[in-house]
Amino acid sequence: MIRIECDAYLTVRDTEGRTASLSDVAPLLELVADTGSIAQAAQAKGLSYRHAWGMLRALEACVGAELIETARGKGSTLSELGRAIVDAQRLARSRLDGNLRALAAEVASDLNRRLAQRDGAVRIHASHGYAVATLVSALVDAQAAVDIKYRESVEAVQALARGECELAGFHLPRGAFREQCAQIYRPWLDDTRHVLIHLTRRQQGLFVPRGNPKQVRGLADLARNDIRFVNRQPGSGTRMLLDLALRAIGIDPERIDGYASAELTHSAIAAFVASGMADLGFGVEPAAHHFGLDFIPVVDEDYYFACERARLDSRPLAGVLALLRDARFVERVAHLDGYDPAACGMLTGIATGLAGSDGAAAPDGNAR
């Protein structure tokens, strides 16, 4: 099976048509900032000093300004523009990271299916999440045919009802908001036809810069005048949960600076906060820690796959179930910050699971 890699690559073009790569030079600039030396940075990248210097000069020629400042006794430091280029590459990769991974996974799934002409590929439509990505990676490692399409939670469940996939991934909060969120999925799930497979428990919460400089304590702080917020797209399970939580504490979204923004992934939210373009975000814990942010837990939730009962014993789904119950896979998910896969692979009925009365999803309180 083949893998597809997709990355963000920035190129600058000046008015005369000359081009230079920001993405190639940014890692070199980071090393200059760390070592204080172009020579050491070049060595760390496996480049000759002459080649590294040529890359820097080519980019400087395109942008018309110096990237590095040199002072006697202080070595080399990045200019303001040099630091901005490093930040630009970080921002591009972080904002696009989740989308590019999703795109790469979908392209790889399609190509592998066509190359192998396999009719037994398990089709997964799911809300994007770190445990789902871990499952897809594990299936590929096991040489299993998988066709992954990342969708909003409701779209995934609707696709299952139409027979367009074998597994539909969606998440539900524990506690006060579970019933309201569950109502969205009930029209598309039949207790006699479908069953739920528990993937993981996870936490959603607030992303704040390291050290929490604005002393954010909870959701009520979103309405502060000094807080800029970055939000998920309407229709996502995370956005739906946040809408309900704010309504419960009497906060009008119109009062929140940035509430109308719409980012597609948890990684993009974390990137906005890490770059200083927002003070606060809401999402899952691994994204916050990946970008060096602090995380304030707000609500626990369960991530499920819905599937047809009649297909549980089919070869594709039987293979997925076996993998979900494998101790090595469970350990991989357990290493994700804020994830608890103790009930991974457990089956539960639709009514029981949506209500949160199965053993894996017992309600344990409201959003904090």
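The values are calculated or read from the model by the stated rules, or taken from the named source; none is laboratory data. Computed from a predicted structure; not experimentally measured. Reconstructed Cβ throughout: ideal geometry from the backbone, glycine too, with neighbour counts over all protein chains shown.
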- Note on the structure: Among residues of the range 184-222 being in a helix (DSSP H, G or I) and within 25 Å of the chain's Cα centre (by Cα), the residue modelled with the lowest pLDDT is Ile184
- Note on the structure: By my count, helices (runs of 4 or more DSSP H) wholly in the range 1-77 with at least 2 residues that are touching a strand residue (DSSP E or B) at 6+ places or on another chain (Cβ under 8 Å) and touching a residue at least 40 places away in the same chain (Cβ under 8 Å) are 22-35, 49-63
- Message: Step by step: first the residues of the range 223-240, then only those that are assigned to a helix (DSSP H, G or I) and without any contact (Cβ under 8 Å) to a residue 40 or more places away in the chain, then the one that is nearest to the chain's Cα centre (by Cα). Which residue is that?
- Response: Arg239
- Item | Boolean, Gly175 is under 24 Å from Ala343 (Cα atoms), at pLDDT below 95 and either among the small types (Gly, Ala, Ser) or surrounded by 22 or more Cβ atoms within 10 Å (Cβ to Cβ) (or both) | yes
- Select from the range 55-96 the residues that are closer than 30 Å to Pro286 by Cα and at pLDDT below 85 and list them in ascending order. Asp87, Ala88, Gln89, Arg90, Leu91, Ala92, Arg93, Ser94, Arg95, Leu96
- Pick from the range 5-23 the residues that are out of contact with any Ser or Thr (no Cβ under 9 Å at 6 or more places or on another chain) and not hydroxyl-bearing (Ser, Thr, Tyr): which of them is farthest from Ala61 (Cα to Cα)? Glu5
- Name the pairs: first residue in the range 178-199 and not assigned by TED's automatic domain parsing to the domain that holds Ala161, second residue surrounded by fewer than 19 Cβ atoms within 10 Å (Cβ to Cβ) and among the small types (Gly, Ala, Ser), Cβ to Cβ under 9 Å, at least 6 apart or on different chains? none
- Identify, from the list Leu321, Leu317, Leu312, the residue that is farther than 22 Å from Ser137 by Cβ, assigned by TED's automatic domain parsing to the domain that holds Arg186 and either touching a Gly at 6+ places or on another chain (Cβ under 7 Å) or surrounded by fewer than 21 Cβ atoms within 10 Å (Cβ to Cβ) (or both). Leu312
- Is there a residue in the range 229-245 that is in the same structural domain as Val330 (by TED's automatic domain parsing), exposed (fewer than 14 other Cβ atoms within 10 Å of the Cβ) and basic (Lys, Arg)? no
- Query: With respect to Ala144, is the statement that it is crowded, with 18+ Cβ neighbours inside 10 Å and more than 18 Å from Ala351 (Cα to Cα) true?
  - Reply: yes
- Does Asp313 qualify as being more than 22 Å from the chain's Cα centre (by Cα) and farther than 21 Å from Thr134 by Cα? yes
- Message: Condition check: modelled with pLDDT of 80 or more and either hydroxyl-bearing (Ser, Thr, Tyr) or closer than 19 Å to Ile197 by Cα (or both). Does Val132 satisfy that?
- Response: yes
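Has the range 164-175 got any residue that is in a loop (DSSP other than H, G, I, E, B), at positive phi and either in contact with a Pro (Cβ under 8 Å, 6 or more places away or on another chain) or not small (Gly, Ala, Ser) (or both)? Walk me through how you get there before you give the answer.
The first filter runs over the range 164-175 and keeps only residues in a loop (DSSP other than H, G, I, E, B), leaving 164-166, 174-175.
Filter again for at positive phi, leaving 175.
Still in the list and also either in contact with a Pro (Cβ under 8 Å, 6 or more places away or on another chain) or not small (Gly, Ala, Ser) (or both): 175.
So far as the range 164-175 goes, yes, one or more of its residues are in a loop (DSSP other than H, G, I, E, B), at positive phi and either in contact with a Pro (Cβ under 8 Å, 6 or more places away or on another chain) or not small (Gly, Ala, Ser) (or both).
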- Within the range 125-154, can you find the residues that are of a type in the set (A, V, I, L, M) and either in a loop (DSSP other than H, G, I, E, B) or in contact with a Phe, Trp or Tyr (Cβ under 8 Å, 6 or more places away or on another chain) (or both)? Ala126, Ala131, Val132, Leu135, Ala138, Ala142, Ala144, Ala145, Val154
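Is it true that some residue in the range 273-292 is surrounded by fewer than 17 Cβ atoms within 10 Å (Cβ to Cβ), over 18 Å from Pro213 (Cα atoms) and assigned by TED's automatic domain parsing to the domain that holds Gly237?
Taking the range 273-292 as the starting set, the residues that turn out to be surrounded by fewer than 17 Cβ atoms within 10 Å (Cβ to Cβ) are 275-277, 289, 292.
From what's left, over 18 Å from Pro213 (Cα atoms): none.
Within the range 273-292, none of the residues are surrounded by fewer than 17 Cβ atoms within 10 Å (Cβ to Cβ), over 18 Å from Pro213 (Cα atoms) and assigned by TED's automatic domain parsing to the domain that holds Gly237.
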